[in-house]
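Here the structure is laid out as structure tokens; the discussion comes afterwards.
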């Protein structure tokens, strides 16, 4: 039964009902007796509702508290979280007055404003760049001179490069100066004559006499020299270093 | 902490359930304060005024809420959900009683303490009206009693009752009509208006 019908039954007597009321009641109350029964029932229900409701016993609540404590072992963190949350997002306040919303709005505002500051800095840098460009235009020949006539620094660097290349080439020369030594076993036990061919020593070997790149002696007309180790003791050191 | 107390009272049932699932004890206390009394009354009406059994049922229902808060769908109304759980618990109890007593409707004849039309003539007082009302409720079929109790005692709308009982609104209206006519017929001898 709708609340309007209950109110109608509660507020009026049967003889006060008009045609509309009786049509609304329909099958609920077809006679005065039924109308009165309904009236009594709803009045009695109101009496029941107004009575103090029964409450469960304390033991029931205590048992549930124990279950809750066992189920949720550490509620302190939750309480702390809730405390913070209630402070920053109190639901009783209107939306725009909640601190969290206000902080978020301030952050958004800051993000929106910050490009303006960066933009100002870029403009100032551009001015400096423009100044530098004017300088370049004012002294165009200096750059040309710099490129054509190297300054001391450039020369120094060139020298350095030269030196570096020398240093890099030294192993090459060393390789070229590597001595190819062939031993001639001499019958004399005391003398060991060593013939040394130095491929890169023009003062020692005639240029045309060695046609083989390794400097191996092939012809009879080649100039060669032989010395005893007594005369040149340094050769032994050289041999030791070589082998 | 002082600030929180009134806020729990302002929270909706669904908001309290959300907090309970996070282990908030105060939220549980608030929800218990809201629903323990009405649920106890509902169980007592549905379980033949058996106080002990009703206390146990209240305990079991809230224990379920503590242990398995996820059973509640936060998109639903808590009120309809909790009454549907309570109603299902009652139905299970009826089935148990049927098995135990071998009765068709789950009601024990021992619970019908008196015949209102014969024994109580002359005891037309408000206190007796309540008792007579409860007894008349017991005589109603389960389906009519639950519809009437949810509508006129617990104050649920017809739509909410339809959700709780999972039947359509037309059926609810039909059951309410029958239950109201039945109770009005059986309680006419008390006539609380004439007693005042």
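Observations, loosely collected:
- As a proxy for reagent exposure, B:85, B:58 were ordered by neighbouring Cβ count within 10 angstrom, fewest first; the result is B:85, B:58.
- Residues of the stretch B:18-33 with amide N under 19 Å of the 7 Å Cα→Cβ point at residue A:89: B:18-28
- 5 Å-binned pair-distance histogram of the stretch A:1-67 (Cα, whole percent): 3, 14, 22, 15, 8, 7, 6, 6, 6, 6, 4, 2, 0
- Pair residue A:65, residue B:185: separation of 7 Å Cα→Cβ label points (nm): 5.0 nm
- Residue order, fewest to most beta carbons within 10 Å, for A:89, B:83: A:89, B:83
- A Förster distance of 56 Å, applied to the separation of the beta-carbon atoms of residue A:23 and residue B:64, puts the FRET efficiency at 0.75.
- Across peptide A:31-42, the mean count of Cβ atoms from other chains lying within 10 Å of each residue's own Cβ comes to 5.
- Size descriptors for the stretch B:1-107: radius of gyration and Dmax over Cα atoms are 15.7, 56 Å.
- Using the Cβ-Cβ distance between residue B:166 and residue B:50 with R0 set to 30 Å, the FRET efficiency works out to roughly 0.75.
- The modelled label-to-label distance between residue A:10 and residue A:107, using points 7 Å beyond Cα along the C-beta direction, is 5.1 nm.
- Chain lengthening between residue B:34 and residue B:99 when straightened (0.36 nm per residue, less Cα-Cα): 20.0 nm
- Sequence of B:8, B:94 once ranked by neighbouring C-beta atoms within 10 Å, starting from the fewest: B:94, B:8
- Two-site label geometry, residue A:231 and residue A:116: point separation in nm, points 7 Å out along Cα→Cβ: 9.8 nm
- Extension gain, residue B:73 to residue B:128, is 15.7 nm, computed as 0.36 nm per intervening residue step minus the present C-alpha separation.
- With a 10 Å cut-off around each Cβ of A:82-92, the average count of Cβ atoms from other chains is 3.
Any read-out appearing in this document is the output of simple, stated calculations on the displayed coordinates, not a laboratory observation. Here the structure is a predicted model, which means the values were calculated and not measured. Here Cβ is always computed from backbone atoms with ideal geometry, including for glycine, and neighbour counts include all displayed protein chains.
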